[in-house]
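The next block holds one structure in the form of structure tokens; read it before the comments.
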Amino acid sequence: MSLSNTYECLQVSEANGVVELKLSRPDRLNAFSKTMHAELKLALKEIERFEGLRVLVLTGEGRAFCAGQDLEERRIPEGEPKPDLGDSLKNIYSPMVMRLRKLPVPVVAAVNGVAAGAGASLALACDIIIAKRSAKFTFPFSYLGLIPDAGATSSLVRAVGQARAIAIVMLGEVVAAQQAADWGLIWKAVDDEVFDAEVAACAQNLAGRPALGLEMAKRALYRASENDFETQLELESQCQKLAGRNPLYWDTVQQFLDKK
Ligand code: T3D
């Protein structure tokens, strides 16, 4: 089975188990439109079923990663009902990031430019975030009278701690890529010229690792902040039981013992 690439607002490609999903509305800085959301749902469903999937890389076309909700689509003609933003989160944004969290493979956000609003939330919902040094994360929610969405209240606090998360959100801060890396909000900021190579190397590296180990590590690490210590120890032992059945572990140990 191969993946469809017949979308208006997305580009999907695959090589050696690395699937790249590129948001593609560059003239709108890849803001989420209704069409993009519908296509993302279809594409992610297909990616979930793709047998060869080892890593998903999310990125944006042009100079932005994603500018969040398309505000043009929030231009509601006089007299027409305004959409319920709670429903928008419940039915669209939350399922989108939940899909990424549940994907049994690493999801890499390759943040090629500005990530704003729900676009920043999308990046933060990924497992490994690599940004161009020129990129930035903007959290304009407080200007709009909104709260961070698509999991960002959770990911911000977990990544940078309460003090920084509250200040970033309340002040509507713009966080430069290097600052984001220094604070632990993202994995790393890399020079623009080496960005593509760094992302490709990271994805290839992950694609070459034993898949079950990565899947279980992802699950266990995300559970860590919810589980108490004892429950987490139990989860680790269940996962390691399965991991220890993989011949690769025994072969690698043997190679070490043979000093190969
Ligand atoms: O369902 C719900 O509605 C609830 C969910 C809400 C969560 C959200 O995501 S709320 C929206 C959050 N996003 C923003 O507030 C970002 C708005 N954009 C900006 O602040 C700036 O564009 C950027 C900081 C991202 C980039 O600035 P800059 O100077 O590099 O570019 P620009 O000139 O502002 O933008 C270029 C074009 O993209 C421009 O169009 P034009 O003038 O060339 O025709 C601009 O209007 C368009 N654009 C940028 N962001 C959006 C957008 N168009 C629609 N929606 C956008 N979010």
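So if I check each of A197, A201, A181, A220, which one is out of contact with any Pro (no Cβ under 8 Å at 6 or more places or on another chain), touching a residue at least 12 places away in the same chain (Cβ under 8 Å) and either in the same structural domain as V18 (by TED's automatic domain parsing) or of a type in the set (V, I, T) (or both)?
A181
Checking A110, A165 one by one, the residue that is more than 16 Å from the ligand (Cβ to nearest atom), assigned to a strand (DSSP E or B) and either at positive phi or not assigned by TED's automatic domain parsing to the domain that holds M216 (or both) is A110 and no other.
Within segment 112-157, the residues that satisfy the criterion of being closer than 17 Å to L171 by Cβ and of a type in the set (V, I, T) are T138, I147, T153, V157.
If you check S121, S142, S155, S134, which single one turns out to be touching a residue at least 24 places away in the same chain (Cβ under 8 Å), within 16 Å of the ligand (Cβ to nearest atom) and part of a loop (DSSP other than H, G, I, E, B)?
Values: S121 fails: part of a loop (DSSP other than H, G, I, E, B); S142 fails: part of a loop (DSSP other than H, G, I, E, B); S155 fails: part of a loop (DSSP other than H, G, I, E, B).
The unique qualifying residue is S134.
The residue list L100, L85 contains one member that is touching a Leu at 6+ places or on another chain (Cβ under 9 Å), within 16 Å of the ligand (Cβ to nearest atom) and modelled with pLDDT of 95 or more, which is L85. Looking across segment 26-66, the residues that are assigned to a loop (DSSP other than H, G, I, E, B), under 19 Å from V97 (Cβ atoms), under 17 Å from the mean Cα position of the chain (by Cα) and within 14 Å of the ligand (Cβ to nearest atom) come down to N30, A31.
Only one of the numbered conditions (1) of a type in the set (S, T, Y); (2) surrounded by fewer than 19 Cβ atoms within 10 Å (Cβ to Cβ); (3) within 16 Å of the ligand (Cβ to nearest atom) is not met by T6, and that is (3).
Given the criteria surrounded by fewer than 20 Cβ atoms within 10 Å (Cβ to Cβ) and either over 23 Å from L206 (Cα atoms) or in contact with a Ser or Thr (Cβ under 9 Å, 6 or more places away or on another chain) (or both), does I128 qualify?
Working: surrounded by fewer than 20 Cβ atoms within 10 Å (Cβ to Cβ): yes; either over 23 Å from L206 (Cα atoms) or in contact with a Ser or Thr (Cβ under 9 Å, 6 or more places away or on another chain) (or both): no.
Judged against the criteria, I128 is not a match.
Could you list all residues from segment 221-233 that are exposed (fewer than 12 other Cβ atoms within 10 Å of the Cβ) and either part of a helix (DSSP H, G or I) or at pLDDT below 95 (or both)? Across segment 221-233, the qualifying residues are L221, S225, E226, F229, E230, L233.
The values are calculated or read from the model by the stated rules, or taken from the named source; none is laboratory data. Note that the structure is predicted; figures quoted are calculated from it, not measured. Virtual Cβ from ideal backbone geometry, glycine too; neighbours counted across all protein chains shown.
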